[in-house]
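To keep things clear, I will list the structure first and then write my remarks on it.
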Amino acid sequence: MTANVSIDGGPTTFVLIPGAGADPRVFDATIAALRELGHEGVAPPLPLDDPDATPSDHAAAVIAALPEPPPAPLVVVGQSLGAYAATIAAARLHPARLILLAPMIPAPGESAGDWWRGTDHEAAIGPLIQRHGTPSEWGEEPMAEVFYHDVDEATLAANAEYEGVPAPGLFAEPLPLDVWPDVPTTVLAGRDDRLFPLAFQQRVARERLGLDEIAEIDGGHLPMLARPRELAERLVDLA
């Protein structure tokens, strides 16, 4: 498959769902790059102001923003915590592919609040925890070290208004699926992701999805900010 031809020879529509309470507009540069490559990207508004909103509510907002019938071929992309909403949306939309980007890979019936213990995440970032405490305790310095180490200052400033804090409801709802969606699924992980290290993602993808290999991209946890063009190219390659 070439960089600008989808699985059927026409343009692919990528639905992009961010994590950590971020405004979907963090994907603006990636959407622009997708369009330059001959494809479409959409990042539907999410109910970020509702503290009780669940991953199911976010998935419903994504689906409601799409035309009926949805464009085809369709690829759903969920980044970090957005993997929960993306998985639910994929189960309902049956897209050509589900791509989990730097994800919290969920398990059926597991909430995002339980995910950390369920994946033994603490062991994967032991040195960080020794220096800075648990992620819930991180202040400005560890946040910069873990999340923004490969994002330039101008990009950070331009996207500062899109930062957010995930609502409690996003962590409370168990993934409302009995089995993983019958959708081809790819995990795309950053080689230098300090929050979810590559070896950790490889293990969780193998244990939860039965994947012997995962796809990789240079950089850390926020490729849509650090390298949006490269991210767009990788998404198209994986579609």
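The values are calculated or read from the model by the stated rules, or taken from the named source; none is laboratory data. Worth saying up front: this structure is predicted, and the values here are computed from it rather than measured. Glycine also receives a Cβ, built like all others from the backbone with ideal geometry; neighbour counts cover every protein chain displayed.
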Mind listing just one residue for me: the one in segment 129-186 that is touching a strand residue (DSSP E or B) at 6+ places or on another chain (Cβ under 8 Å) and part of a loop (DSSP other than H, G, I, E, B) and, of those, farthest from VAL75 (Cα to Cα)? PRO181
Some residue of segment 202-222 being small (Gly, Ala, Ser), more than 20 Å from THR87 (Cα to Cα) and under 15 Å from the mean Cα position of the chain (by Cα): yes
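Listed here are the residues, each with its yes/no results for (1) in contact with a Phe, Trp or Tyr (Cβ under 6 Å, 6 or more places away or on another chain); (2) surrounded by fewer than 13 Cβ atoms within 10 Å (Cβ to Cβ); (3) within 29 Å of ILE63 (Cα to Cα); (4) of a type in the set (D, E, K, R).
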position	(1), (2), (3), (4)
GLY78	no, no, yes, no
PRO127	no, yes, no, no
PRO168	no, yes, yes, no
GLU173	no, no, yes, yes
ASP182	no, yes, yes, yes
LEU188	no, no, yes, no
Mind counting the residues in segment 188-226 that are charged (D, E, K, R), part of a loop (DSSP other than H, G, I, E, B) and without any contact (Cβ under 8 Å) to a residue 40 or more places away in the chain? 4
Specify which of the listed residues (ALA53, ALA20) is assigned to a loop (DSSP other than H, G, I, E, B) and in contact with a Leu (Cβ under 6 Å, 6 or more places away or on another chain). ALA20
Test ALA107 against the stated conditions and say whether it is within 17 Å of LEU211 (Cβ to Cβ), surrounded by fewer than 21 Cβ atoms within 10 Å (Cβ to Cβ) and modelled with pLDDT of 95 or more. yes
For GLY38: the one exception among (1) at positive phi; (2) buried (at least 16 other Cβ atoms within 10 Å of the Cβ): (2)
Verdict on LEU48 being aliphatic (A, V, I, L, M), assigned to a loop (DSSP other than H, G, I, E, B) and at pLDDT 95 or above: yes
Condition set surrounded by 14 or more Cβ atoms within 10 Å (Cβ to Cβ) and of a type in the set (Asp, Glu), scope segment 190-207, selection farthest from ALA107 (Cα to Cα): answer is ASP192
